[in-house]
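A.B. asks: Supplied in structure tokens, the structure appears directly below.
Laboratory data are not the source of any read-out in this text; all were calculated from the coordinates shown. Owing to the predicted nature of the structure, the values given are computational and were not obtained by experimental measurement. Ideal geometry is used to build each Cβ from the backbone, glycine not excepted, and the neighbour counts take in all protein chains shown.
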Amino acid sequence: MKKVQVLIALLFVVIALHAQDAKMNAFITNLMNKMTLDEKIGQLNLPGSGDIVTGQASNSDIGKKIKDGAVGGLFNIKTVAKIRAVQKVAVEESRLKIPLIFGMDVIHGYETVFPIPLGLSCSWDMKEIETSARVAATEASADGICWTFSPMVDICRDPRWGRIAEGNGEDAYLGSQIAKAMVKGYQGDYSKNTNIMACVKHYALYGAAEAGRDYNTTDMSRVRMYNEYLPPYKAAVDAGVGSVMASFNEVDGVPATANKFLMTDVLRKQWGFKGFTVTDYTGIPEMIEHGLGDLQTVSALALKAGIDMDMVGEGFLTTLKKSLKEGKVTQAEIDNACRLILEAKYKLGLFDNPYKYCDEKRAATEIFTDANRKTAREIAADCFVLLKNQNNILPLKKSGTIALVGPLADNKENMPGTWSVAADFSKATSLLEGLKSVAGATAKIVYAKGSNLDYDAAYEERAGMFGKSLGRDSRPAADIIQEAVNISKDADVIVAALGESAEMTGESSSRSDIEMPQAQKDLLQALLKTGKPVVLVLFTGRPLAIKWENDNVPSILNVWFGGSEAGPAIADVLFGDVNPSGKLSTTWPQNVGQIPLYYNHKNTGRPLPDGKWFQKFRSNYLDVSNDPVYPFGYGLSYTNFSYGDLKLSSTSLKGNQQLTATVTLTNNGSKDGKEVVQLYIRDLVGSITRPVKELKGFQKVFLKAGESKEVSFTITTNDLKFYNGDLKYDWEAGDFVIMVGGNSRDVKSAKVNWVK
Ligand code: BGC
């Protein structure tokens, strides 16, 4: 097509979109003209269904409220039959017959569960991540859901925070790519009944909770906020996300729920967000505890700040009318919020067909299908990270005797991981089942539990909430260990399935100690003493401080919580049917005292000299080096990748020229494999201090054994941009170090000069 033809085609698209918008606006204006004030306020109300419990309070009399037009949507209600019944009440028994929007926390899959988001992020595979969202949307929509409270994109550099499991790690660039992929996977263009609306959360900075304690205060400079924490939310907005959820925390002393700077100035004015905003669970009444006033005051503050929908809190429902009368909010503010919610329903097609997502046939045939489970198994295997593999203990042979030991080895319920609210845990596959099915009859698998999760039964109970019990073994710890040692005596290899239970991460699951529980460490020591090769299969929802394990255990495969197909997926990797290719999206510290430890830190005025881990009057600790156990971007393979020197197309550039950075990647090993080639840039001199490196690109490359390939990145001045001290997004002329490598520590580098 010629340029003119393309322009004409584009013009037609713009005209068509305008016509669609005009049609929608006219429809909504007409509807709103018929609505009473109570009905408008009703649209802003989002109660929980009580089906799935994700918070403390719950609402009562929902049926009556729906008939009265006092409900805009309902969340966490499960099954198409129930949703159809509730929708029927809304569209047949309420005065204006406005359909409800049905939301759910479909965070990493619906009934077919994918790895927890932190695990998914370690695939560094945007196609797979988008597919996981697509499958989740297909299954959820088959069961009546049209809105998901995902993606969660909170940057987190503090593994004490339990919700690190729900996000994409510590890096804004990687997090932004994932945010886009997820929004695309869920929403598509809304045209089909498999497309559901996404809700990016928790806006903003929730992952920067002080001391990693959930719901705690956050406070940071604007420069850090714009450069390091806001980009993933913005990426979701740029990708057209339909809704945004406010976070629980305060920012600049004002809870996000009442924070006009966040909700209006940044989100709408600077980023041009056109969808609707929703509070988090009881976000409005919680502002009474924050100390901002009574329910009427905080509800008015939220509306004025730019909040459209009130999840569970019922502050809008019970106080906005009074506030309007008293001049504390305006009719225009209520109308605006109501319009945005109606627009969302319109875009989803609910006014055309309120039962668009209520297709019983789909519910019966499209959920937890063999095809979806196969996809989940393949994706899960790509998320596991091989942390250590001394003497190539892995992959295991499908022969001989394997002793499988550990509190997480014969357990289904913990496999899906936190926030698997729609899953049927009994359908998940345990590691024991997975090993047996993948090894077949040629290998003998013997099993013993070896230890409880923790010596402290009360702690174990807290960590096993929501019915995901580990089944505590009441025998003395020494006896449980001895049994495991006994069964290991005749084994060729020991596989120790240890780590955290699913609910040791997720909401309200922060830990001040991020080591492996002592009961399991004692078991591991006993297993190592047998002299048999030990493979640690580590279950975790956060980076753990496993320096001792790294120093002493020959092989470590981190498997996060791999979803409903975790068992076979782990077995696929352990037996080498799949070569591991995951890379960490977080830094793993040596101990909790190093936190926050992240790869893109500043240099400080007193950095350590090369080759030293301590020097007086330098930025370091007396008792531990500044190094992590595993750096960001790290992960091994069963094959070996080597990087040739970095070649640059030029070392001095001007203005909008482009730079090409190329390395030759070689698979020197004996197995085919995938490698994530990572591009980092350092801006050596800036008007504000700049990080020692920042991820700016990556490619996941497949190479056959013995194969070599040139991998190139095109770098433009866009990759050099940052928010300066005036929060202006631009690049500055000067010297830059370009780095390419297989993790953030081991890179090939070269310098360029780039002038304006
Ligand atoms: C969580 C949100 C979640 C909401 C609804 C809250 O407690 O913070 O992430 O979407 O509950 O279940």
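A.B. asks: Just to be sure I follow: if Rg is taken over the C-alpha atoms of the chain and Rh is the Kirkwood radius over the same atoms, what is Rg/Rh?
C.D. replies: 0.98
A.B. asks: Which ³J(HN,Hα) values, rounded to whole Hz and listed in residue order, are derived for the range 561-569 from phi using the Karplus coefficients 6.51, -1.76 and 1.60 in 6.51 cos²θ - 1.76 cosθ + 1.60 with θ = phi - 60°, glycine and proline given as x?
C.D. replies: 10, x, x, 5, 9, 4, x, x, 5
A.B. asks: Can you list the HN-Hα couplings for the range 138-148, worked out from phi with the Karplus curve (6.51, -1.76, 1.60; θ = phi - 60°), rounded to whole Hz and with x for Gly and Pro?
C.D. replies: 5, 5, 5, 5, 5, 9, x, 7, 10, 8, 10
A.B. asks: Could you list, in their original order, any pairs among LYS88/LYS192; LYS374/LYS674; LYS616/LYS647; LYS3/LYS674; LYS65/LYS184 whose Cα atoms are separated by more than 29 Å?
C.D. replies: Where the Cα-Cα span goes over 29 Å, the pairs concerned are LYS616/LYS647; LYS3/LYS674; LYS65/LYS184.
A.B. asks: Here is a follow-up. Could you tally the net charge around MET152, taking each other residue with its Cβ under 9 Å from the Cβ of MET152, Lys/Arg +1 and Asp/Glu -1?
C.D. replies: Net local charge, MET152 excluded: 0.
A.B. asks: With +1 on the Cβ of every Lys and Arg and -1 on the Cβ of every Asp and Glu, and nothing else charged, how large is the dipole of the chain about its Cα centre, in debye rounded to the nearest 20?
C.D. replies: For the chain, the charge dipole is close to 1800 debye.
A.B. asks: Once amide H atoms are placed 1.01 Å from N in the peptide plane, what residues at a sequence separation of 5 or more from VAL535, or on another chain, have their amide H within under 5 Å of its amide H?
C.D. replies: It is ILE494, VAL495, ALA496, by chain and number.
A.B. asks: Please compare each pair in LYS180/LYS721; LYS2/LYS347; LYS201/LYS325; LYS397/LYS704; LYS23/LYS361; LYS127/LYS654 to a cut-off of 24 Å on the Cα-Cα distance and tell me which ones are over it.
C.D. replies: LYS2/LYS347; LYS201/LYS325; LYS23/LYS361; LYS127/LYS654
A.B. asks: To continue, here is another question. Using DSSP, restrict attention to beta bridges with both residues in the chain and report what percent are antiparallel, rounded to the nearest 5.
C.D. replies: 55 percent
A.B. asks: Let me ask something additional. Angle between the Cα long axis of helix 370-381 and the longest principal axis of the chain, 0 to 90 degrees, nearest 10?
C.D. replies: For helix 370-381, the angle is close to 60 degrees.
A.B. asks: Taking the alpha-carbon centroid of each part, what is the distance from the range 187-204 to the range 91-110 in angstrom?
C.D. replies: 14 Å
A.B. asks: Considering only lysines 8 or more places apart in sequence, or on different chains, count the pairs in the range 447-602 whose C-alpha atoms sit under 16 Å apart.
C.D. replies: 6
A.B. asks: Helix 315-325 sits at what angle to the longest principal axis of the chain, using alpha carbons and giving 0 to 90 degrees rounded to 10?
C.D. replies: Computed tilt is about 40 degrees.
A.B. asks: In the neighborhood of ILE284, defined by Cβ-to-Cβ distances under 10 Å, what is the net charge if each Lys or Arg adds +1 and each Asp or Glu adds -1?
C.D. replies: Residues near ILE284 contribute -4 overall.
A.B. asks: What does the C-alpha gyration tensor say about the overall shape of the range 372-593? Classify as rounded when a/c is under 1.5, otherwise prolate if a/b is larger than b/c, or oblate.
C.D. replies: It is rounded, given that a/c, with a ≥ b ≥ c, falls under 1.5.
A.B. asks: I would also like to ask the following. What number, in percent, do you get for the relative contact order of the chain if the mean sequence gap of Cα pairs under 8 Å and at least 6 apart is divided by its residue count?
C.D. replies: Over the chain, the number comes to 13 percent.
A.B. asks: Classify the range 1-71 from the C-alpha gyration tensor, please: rounded if a/c falls under 1.5, else prolate or oblate depending on whether a/b exceeds b/c.
C.D. replies: Oblate.
A.B. asks: Then there's this: Distance between the C-alpha centers of the range 579-654 and the range 403-417? Whole Å please.
C.D. replies: Taking the Cα centre of each part, the range 579-654 and the range 403-417 sit 32 Å apart.
A.B. asks: Right, next: Given ASN724, THR651, ASN259, which one lies farthest toward the positive end of the charge dipole of the chain, if we put +1 on the Cβ of every Lys and Arg and -1 on the Cβ of every Asp and Glu?
C.D. replies: Final value for the positive-end residue is THR651.
A.B. asks: Now for a separate question. Count charges around GLY611 for me, please; just the other residues with Cβ under 13 Å from its Cβ, Lys/Arg as +1, Asp/Glu as -1.
C.D. replies: Around GLY611, the surrounding residues sum to 0.
A.B. asks: Quick check: the angle from helix 477-488's long axis to the longest principal axis of the chain, C-alpha only, nearest 10 degrees?
C.D. replies: On a 0 to 90 degree scale, this one is about 60.
A.B. asks: Mean 1/r over all different Cα pairs, inverted: what Kirkwood radius does the range 330-466 give, in Å?
C.D. replies: The answer is 20.0 Å.
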